[in-house]
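The values are calculated or read from the model by the stated rules, or taken from the named source; none is laboratory data. Just so you know, these numbers come straight off a predicted model, no measurement behind them. When we count neighbours, we look across all protein chains shown, and the Cβ atoms used for this are built from the backbone with ideal geometry, even at glycine. We work out accessible area using only protein heavy atoms, side chains counted, and drop any ligands, DNA or RNA first. Shrake-Rupley method; radii C 1.70, N 1.55, O 1.52, S 1.80 Å.
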Amino acid sequence: SQIDELFGSLSALESLIEVIGFNTSEERESTERLVELVFPSLETLAKNQISNWGPDTASILLLVFKCFAGVTTVEIPDYFDPKNGANTSFYFWMKAVEEVLARKPASELTSQSKSWKETIEREQHPEWRLKRVAAQIVMLHSHHARSRRDKVDMDPAAALFGREFAMLFLDKVLSMLSVYPREFVPPKCMVFCLKTVSNCMLIEPCLKTM
């Protein structure tokens, strides 16, 4: 079926990114080429899925977000470079992540877990797996902004995150943490949220408002 073909293609792409996504600066050319080739289509897919949330949306976005996380873990590709003002891709991904983090899961996914087994099982639900990857993306980019804040040639996307998104996402992750233990929050999600808080404490816009 069409949906099976989509999942197969996204899974194959994610596997490829796992291989080349961690290339060092000297080996980034293949990663840059892949990003320029496939990410316009991934952005269109993500936009359509977020606008028309359906039964398969969380599973589809999970693979799409994992592709974005994979290519931006080591360095942020030039494709997402916002310095020329015309490229809105980085803005798009940050807004997409924000929407996923802000989306409230169904009540049966947020009620308190009664056992560790239930916690493990619920953590594997597509909605929570998607939120976990979204939280991981925020953690990664807050790390980029924190670790490169003093560099003269700071990556423009990292600088943009620190300037325009760090406070926004700090508020989001603190909101997620604040509902625990009244509501269920997956342990792995909490770890990424706590790491984001730690990173944001070293990002200047956050320091100024704390």
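Nonpolar atom fraction for region 48-181, defined as the carbon and sulfur part of the 1.4 Å probe accessible area, stands at 50 percent.
Rounded to 0.05, the FRET efficiency of the Ser41 and Ala102 pair, given R0 = 22 Å and the Cβ-Cβ distance, is 0.30. The per residue volume of the convex hull around the alpha-carbon atoms of the chain is 131 Å³. For Asn52 and Met201 in the same chain, what is the full-extension length gain: residue separation times 0.36 nm, less their Cα-Cα distance, in nm? Additional length available on full extension: 50.1 nm. Of the residues Val38, Val138, Phe90, the one whose Cα sits farthest towards the positive end of the charge dipole of the chain is Val138 (charges of +1 on Lys and Arg Cβ, -1 on Asp and Glu Cβ, taken about the Cα centre). Counted as membrane-span-like here are DSSP H helices of the chain whose alpha-carbon atoms extend 24 Å or more along the helix's own axis and whose Kyte-Doolittle mean is 0.5 or above; these are 2-20.
Could you work out the local net charge near Lys114, counting Lys and Arg as +1, Asp and Glu as -1, over the other residues with Cβ closer than 15 Å to its Cβ? Computed value for this residue: -2. With a threshold of 18 Å on the Cα-Cα distance, the over-threshold entries among Lys114/Lys172; Lys95/Lys172; Lys66/Lys131; Lys188/Lys208; Lys117/Lys188; Lys172/Lys195 are Lys114/Lys172; Lys188/Lys208.
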